[in-house]
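> Before we start, here is the structure in question, set down as structure tokens.
The values are calculated or read from the model by the stated rules, or taken from the named source; none is laboratory data. On a predicted model such as this, the values are computed, not experimentally measured, just so you know. Note: ideal-geometry Cβ built from the backbone for every residue, glycine included; neighbour counts use all protein chains shown.
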Amino acid sequence: MSLAEILVFDMDGVLVEVTESYRETICRTVQHFTGQTITRELVQEYKNRGGFNNDWLLSQKIAGDLGAEVPYGTIVDYFNSIFFGSVVDGVPDGLMAREVWIPNPGVLEKLSERYQLAIFTGRLREEAQMTLRRFAPRIVFHPLIGADAVVNAKPAPEGLIQIRDRFPGKELWYVGDTVDDARSASAAGVPFFGIAASGVSQRHRLLELFEQERAMAVVENINQLPEVLPS
């Protein structure tokens with residue numbers, strides 16, 4: 001069966017809860033290089049500004065704003081050391097191990113009956129695959145576009161355009177949880193569905209940003225998505 005629509009997901013905050021993994025790694029990386037403790041609320045404030053889909057770049061930016069000018073490569077190396085830890089048989093024991101899969105059993109399976117599922121994420125492809133192998137080995141996401149497949153990261157629309165070009169004639173919808181996701185969809189001319197978790201800091205601002213970017217609908221998590229997708 002050939003499906004006419006492609007439902008494209010961002011990963012972090014959409015498929016995977018990353019508060020204790022990526023967000024905590026940002027906080028620890030900044031603390032390591034600045035000696036100052038930052039809050040996750042501050043991280044969300046930067047995310048809401050847009051242009052900080054890359055967590056390595058965001059860590060460097062926050063550290064710089066706190067007075068520590070750290071080379072990008074140095075940030076990347078330290079960030080990865082605590083995020084991945086030791087990887088044995090493809091399984092990390094660093095903060096990445098704290099990730100939590102958000103979709104309830106059966107949700108993605110039901111969606112796959114109606115839509116072709118794909119991913120456009122700010123993660124590197126292999127990072128994304130590590131998580132998918134752990135939590136959803138039987139779900140097919142095709143294509144999977146990672147940060148290493150694009151020249152210009154979100155909010156640029158390059159990943160969505162790649163998917164559209166590979167499947168001409170199919171309609172795309174994008175599901176994301178940041179203003180960069182929304183702006184990427186807008187730039188590509190792709191309808192956007194926002195995720196704004198009930199406990200996320202600065203949620204009121206995120207909702208305002210989604211409204212400004214003309215999100216088709218906003219839900220608290222991916223499990224509510226079938227309720228708002230067009231029938």
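> Take the stretch 206-230 and flag every residue that is within 19 Å of K47 (Cβ to Cβ) and within 18 Å of the chain's Cα centre (by Cα).
If the condition is that a residue be within 19 Å of K47 (Cβ to Cβ) and within 18 Å of the chain's Cα centre (by Cα), then L206, L207, L209, F210, E213, A215, V218, V219, E220, N221, I222 are the ones that fit.
> So, in the stretch 207-228, how many residues would count as being surrounded by fewer than 18 Cβ atoms within 10 Å (Cβ to Cβ) and either assigned to a helix (DSSP H, G or I) or outside the structural domain of G176 (by TED's automatic domain parsing) (or both)?
The total comes to 9.
> Cβ-Cβ under 8 Å, sequence separation 6+ or interchain: first residue in the stretch 4-17 and closer than 10 Å to A118 by Cα, partner of a type in the set (G, A, S) and in a strand (DSSP E or B). Which pairs?
Filtered contacts from the stretch 4-17: I6/A118; L7/A118; V8/A118; F9/A118; F9/G176; D10/G176.
> Filter the stretch 172-189 down to the residues that are more than 17 Å from L144 (Cα to Cα) and either touching a residue at least 60 places away in the same chain (Cβ under 8 Å) or outside the structural domain of M216 (by TED's automatic domain parsing) (or both) and list them by number.
Across the stretch 172-189, the qualifying residues are D177, T178, V179, D180, R183.
> Another question, if that's okay. Return the residues of the stretch 154-206 that are part of a loop (DSSP other than H, G, I, E, B), crowded, with 19+ Cβ neighbours inside 10 Å and basic (K, R); say none if nothing qualifies.
Passing the criteria: only K154.
Quick grid of which residues meet (1) at pLDDT below 95; (2) touching an Asp or Glu at 6+ places or on another chain (Cβ under 9 Å); (3) hydroxyl-bearing (S, T, Y); (4) buried (at least 24 other Cβ atoms within 10 Å of the Cβ):
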residue: V16; (1), (2), (3), (4): no, yes, no, yes
residue: E20; (1), (2), (3), (4): yes, yes, no, no
residue: T25; (1), (2), (3), (4): no, yes, yes, yes
residue: E41; (1), (2), (3), (4): yes, no, no, no
residue: Q44; (1), (2), (3), (4): yes, no, no, no
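> Moving on. Among E127, E158, which is the only one that is within 17 Å of the chain's Cα centre (by Cα), under 30 Å from S86 (Cα atoms) and acidic (D, E)?
E127
> Within the stretch 114-125, is even one residue more than 30 Å from S231 (Cβ to Cβ), of a type in the set (V, I, T) and at pLDDT 95 or above?
Scanning the stretch 114-125, I find no residue that is more than 30 Å from S231 (Cβ to Cβ), of a type in the set (V, I, T) and at pLDDT 95 or above, so the answer is no.
> Sticking with this one: Somewhere in the stretch 106-113, is a residue among the acidic types (D, E), more than 16 Å from the chain's Cα centre (by Cα) and either in a helix (DSSP H, G or I) or at positive phi (or both)?
Scanning the stretch 106-113 turns up at least one residue that is among the acidic types (D, E), more than 16 Å from the chain's Cα centre (by Cα) and either in a helix (DSSP H, G or I) or at positive phi (or both).
Residue by residue, here is whether (1) in contact with a Ser or Thr (Cβ under 9 Å, 6 or more places away or on another chain); (2) free of Cβ contacts under 8 Å to residues at least 60 places away in the same chain; (3) of a type in the set (F, W, Y) holds:
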{"position": "V100", "(1), (2), (3)": "yes, no, no"}
{"position": "P105", "(1), (2), (3)": "no, yes, no"}
{"position": "L111", "(1), (2), (3)": "no, no, no"}
{"position": "T121", "(1), (2), (3)": "no, no, no"}
{"position": "L124", "(1), (2), (3)": "no, yes, no"}
{"position": "L132", "(1), (2), (3)": "no, yes, no"}
{"position": "P137", "(1), (2), (3)": "no, yes, no"}
{"position": "V140", "(1), (2), (3)": "yes, yes, no"}
{"position": "G146", "(1), (2), (3)": "yes, yes, no"}
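> May I ask you to list the residues in the stretch 74-95 that are part of a helix (DSSP H, G or I), touching a residue at least 12 places away in the same chain (Cβ under 8 Å) and surrounded by 15 or more Cβ atoms within 10 Å (Cβ to Cβ)?
I75, V76, Y78, F79, I82, F83, F84, L95
> It is to be established whether one or more residues within the stretch 122-140 are at positive phi, in the same structural domain as V179 (by TED's automatic domain parsing) and either of a type outside the set (D, E, K, R) or buried (at least 16 other Cβ atoms within 10 Å of the Cβ) (or both).
Looking for residues that are at positive phi, in the same structural domain as V179 (by TED's automatic domain parsing) and either of a type outside the set (D, E, K, R) or buried (at least 16 other Cβ atoms within 10 Å of the Cβ) (or both), one finds none in the stretch 122-140, hence no.
> Return the total of residues in the stretch 92-106 being more than 16 Å from M11 (Cβ to Cβ) and in contact with a Gly (Cβ under 6 Å, 6 or more places away or on another chain).
Matching residues across the stretch 92-106 total 2.
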